[in-house]
Amino acid sequence: MNYEIDDIIVKLFKKTILIILNYNKQICSEQLDLIQRKKLSIALNDNKFRTTYVKYDKIHFNLSFLKYMWAMIYTLFNFSHKIQKLESTNKWDGNALALPGAHNIFFMKKWANILKMNNIPWFENYPSPDAEDEESKVSNTTFHFAIAFIYFHEYSHIVLEHKSSVTESVLLAQEKEADINALSIMISENDDDYKKRSIGKGICLSMIIQLFIIDEIAMISSKTHPDIDHRIYNALDYLNIKERYPSEYMKRLVSLGCNFFIIENDYKLKVQRHENSDSLNESIMQFFDDIKKELSDYKK
Ligand SMILES: [Zn+2]
């Protein structure tokens, strides 16, 4: 066991910052002026687990949160990727525990769960951002885009001068606006479908991981934030990937990520086989809608 992972994650995070800075080219000059005037900066702390927040024009990231994000990205990316690989050769039998690398996938998930409560050491011989295998490398790239999206979401609240003491409906509108502004910075019309997929993987997973961060499913919808499932599917639509293969890949990544969450919460929806990814995602959206309806009926 070791704590070296902190240094490894900090190194990875520094690379993310370079990627964020590189996006400055896509930012309109008005917004750039504003962040320079406000001296907007990024801070990193090693306090207790906390999601990203803004204070005094600083966007604060938390080390445990970054480790959690990497572990969750590793889990969900590999879960989806391995299943899709088996599906392509018709070998997927629905048994997630028999997936190649299942041990690492589920270990990282458990480790992430504990990280939310305790800063625990990383275990040697387990996946790590400085490992050379393909799974870890793709997880790193996906991590950069996931964290960049979280950054640009918070950044958007600042440059769009959003207010916190406003009505619930204004808060909701601001959240949607922050997502759209962040998406428009990170995704360009001119990006080819494979580039969109690579960036989109990070964006969609960052939102799917929100499902795992909330403590109870009731928090999936609130009056001040868009429903998490709506955010995920809006982002998927925004990508607008046309080519069949990358488009199917993304739809399946999203459905499997949501599916993982649903199964983990013990709801009755099995890991479904790949017949038609559109109808599969419709059934997942329907599932979330049913749960939300059930919860709102319960509250009455
Ligand atoms: Zn927000």
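Any residue at all in segment 226-234 that's away from the ligand (no atom under 16 Å from the Cβ) and either within 24 Å of residue 20 (Cβ to Cβ) or touching a residue at least 24 places away in the same chain (Cβ under 8 Å) (or both)? Lay out the reasoning, then the answer.
Kept after step one, since they are away from the ligand (no atom under 16 Å from the Cβ), are these residues of segment 226-234: 229, 233.
Retained after the next criterion (residues that are either within 24 Å of residue 20 (Cβ to Cβ) or touching a residue at least 24 places away in the same chain (Cβ under 8 Å) (or both)): 229, 233.
Yes, the conditions are met somewhere in segment 226-234.
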Take the residues of segment 255-269 that are more than 13 Å from residue 285 (Cα to Cα) and not in a helix (DSSP H, G or I): which is modelled with the lowest pLDDT? 268
Pick out the one residue from 203, 208, 180 that is under 17 Å from residue 235 (Cβ atoms) and away from the ligand (no atom under 16 Å from the Cβ). 208
Criterion (touching a Phe, Trp or Tyr at 6+ places or on another chain (Cβ under 9 Å) and more than 16 Å from the ligand (Cβ to nearest atom)) met by exactly one of 213, 187: 187
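Given the residues 111, 92, 70, 122, which is the only one that is in contact with a Leu (Cβ under 6 Å, 6 or more places away or on another chain) and aromatic (Phe, Trp, Tyr)?
Values: 111 fails: in contact with a Leu (Cβ under 6 Å, 6 or more places away or on another chain); 70 fails: in contact with a Leu (Cβ under 6 Å, 6 or more places away or on another chain); 122 fails: in contact with a Leu (Cβ under 6 Å, 6 or more places away or on another chain).
Going through 111, 92, 70, 122 in turn, the sole match is 92.
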If you go through segment 1-43 one residue at a time, how many are surrounded by 15 or more Cβ atoms within 10 Å (Cβ to Cβ) and of a type in the set (A, V, I, L, M)? 12
Among the residues of segment 125-174, write down those that are within 11 Å of the ligand (Cβ to nearest atom) and small (Gly, Ala, Ser). 156, 164
Among the residues of segment 118-140 satisfying the criterion of being modelled with pLDDT of 90 or more and within 23 Å of residue 45 (Cα to Cα), which is surrounded by the most Cβ atoms within 10 Å (Cβ to Cβ)? 139
Just to be sure before I move on: is residue 65 in contact with a strand residue (DSSP E or B) (Cβ under 6 Å, 6 or more places away or on another chain) and closer than 26 Å to residue 197 by Cα in the structure I sent? no
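The values are calculated or read from the model by the stated rules, or taken from the named source; none is laboratory data. Because the structure is predicted, anything quoted here is derived from the model rather than measured. FYI the Cβ positions are ideal-geometry reconstructions off the backbone, even for glycines, and counts take in every protein chain you see.
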